[in-house]
Amino acid sequence: EVCKNFEGVVPANYNCPGQLVISGPVGTIKDACKAMKEAGAKRALPLPVGGAFHSPLMEPARQELALAIEKTEFNTPICPIYQNVDALPHTSPQEIKENLLKQLTSPVKWTQTVHNMTCDGAKKFAELGPGSVLEGLIKKCNPEALF
């Protein structure tokens, strides 16, 4: 609701219940953070990131990303791929490509993705790569998740 009051500010990441990342112009983000605190948020602070990711402000990068995605061969996956743009499982290489492009300017629906995976029977999760940020977010979305 607060985002609607600020030009260009949109939800960018639904990380877990109670944790939402917003995206937009730098100056406007600072004002939106202040308004969120006034609306009752426990914390609201600008994050040091390199761009307004997962927002319409990323539209100028669409053409170059589309070329890169289209040049890349995607095989049919051996299991469904849950994509954060719609939080749903996909097996069509063409749909997966289209959703990757949509993700550039759309919010990351991580909370919804974890919920859908859990509803579809996922019980055990593994985080690949450095750190354990996603493990922490999954635990907040589903305290019964195993790792």
### Task
Mind listing the long-range amide H neighbours of LEU88? Cut-off is under 5 Å, sequence gap 5 or more, other chains count too, H placed in the peptide plane at 1.01 Å from N.
GLN83
### Task
Could you tell me which GluC sites (Glu not before Pro) in the range 42-147 are loop residues by DSSP with no more than 16 other beta carbons within 10 angstrom of their beta carbon?
GLU73, GLU127, GLU144
### Task
Please work out the C-alpha center-to-center distance from the range 53-82 to the range 92-129 and express it in whole Å.
13 Å
### Query
Listed here are the pairs LYS71/LYS97; LYS4/LYS30; LYS34/LYS102; LYS4/LYS34; which of them are more than 21 Å apart at the Cα?
LYS34/LYS102
### Message
Considering only protein heavy atoms and a probe of 1.4 Å, how much of the accessible area of the chain is carbon and sulfur, as a whole percent?
### Response
58 percent
### Query
Given the options ALA66, ALA52, ALA87, which has the most mean-square fluctuation in a GNM of the chain, springs set between C-alpha atoms less than 10 angstrom apart?
ALA66
### Query
Which one of ASN15, ASN75, ASN99 has the biggest mean-square fluctuation once the chain is modelled by GNM with Cα springs under 10 Å?
ASN75
### Task
Taking a cut-off of 19 Å between Cα atoms, list the aspartates and glutamates near LYS123, but don't count ones fewer than 8 places away on the same chain.
GLU135, GLU144
### Query
Distance in nm between label sites at PHE147 and ILE69, each 7 Å beyond Cα in the beta-carbon direction?
3.0 nm
### Message
Suppose only helical runs count, i.e. DSSP H with n ≥ 4. What mean residue ellipticity at 222 nm does that imply for the chain under -39500 (n - 2.57) per run, divided by all residues and rounded to the nearest 500 deg cm²/dmol?
### Response
-11000 deg cm²/dmol
## Note on the structure
Once Lys and Arg are counted +1 and Asp and Glu -1 for all other residues with Cβ under 11 Å from that of THR113, the total becomes -1
### Query
In the chain, what percentage of the DSSP-assigned beta bridges are antiparallel, given to the nearest 5?
80 percent
## Note on the structure
the range 1-105 accessible area per residue, 1.4 Å probe, protein heavy atoms, integer Å², reads 66 Å²
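The values are calculated or read from the model by the stated rules, or taken from the named source; none is laboratory data. In this text the structure is predicted, and so the values were computed from the model without any measurement. Counting neighbours? That spans all protein chains shown, and the Cβs are built from the backbone with ideal geometry, glycine included. Accessible surface is based on the protein model in full, side chains and every heavy atom, while ligands, DNA and RNA are left aside. Shrake-Rupley method; radii C 1.70, N 1.55, O 1.52, S 1.80 Å.
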